[in-house]
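The values are calculated or read from the model by the stated rules, or taken from the named source; none is laboratory data. Model, not experiment: these values are computed from the prediction. A quick note on method: Cβ atoms are made from the backbone with ideal geometry, for glycine too, and the neighbour counts reach across all protein chains shown.
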Amino acid sequence: ITDEDRGSDDLSGLKFTVFGLGNRSYDHFCKMGHVVNDRLPELGGTRIYPVGEGDDECSLEEDFDKWKRGLWAPLCQSFGLPVPA
């Protein structure tokens, strides 16, 4: 995709991270989360933390808690905020 093709889809000011939800028993586990995670940089967005996956087969809350533990430092750094202790 070229800058010209983007037109109004230019997301060059967007900083993002994605947490996908799904169930490992399905063929396309967290597929939408991965599609969004891959597409946003193509539109100019800047990923600030790796994509996470929540599995409804087990515990979405535990998956999210584990994923977000590492989120705060890069999130704060990206927005120029102090990292909480």
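Observations on the structure shown:
- Scanning segment 12-39 for residues that are over 9 Å from the mean Cα position of the chain (by Cα) and surrounded by 13 or more Cβ atoms within 10 Å (Cβ to Cβ) returns 14, 15, 21, 22, 23, 29, 30, 35, 39.
- Selection status of residue 12, farther than 24 Å from residue 84 by Cβ, touching a strand residue (DSSP E or B) at 6+ places or on another chain (Cβ under 9 Å) and at pLDDT below 95: yes
- Of the helices (runs of 4 or more DSSP H) lying entirely inside the chain, those containing at least 1 residues that are in contact with a Phe, Trp or Tyr (Cβ under 9 Å, 6 or more places away or on another chain) are 31-42, 60-69, 72-78.
- Of the listed requirements (1) β-branched (Val, Ile, Thr); (2) over 13 Å from residue 17 (Cα atoms); (3) surrounded by 12 or more Cβ atoms within 10 Å (Cβ to Cβ), residue 51 misses just one: (2).
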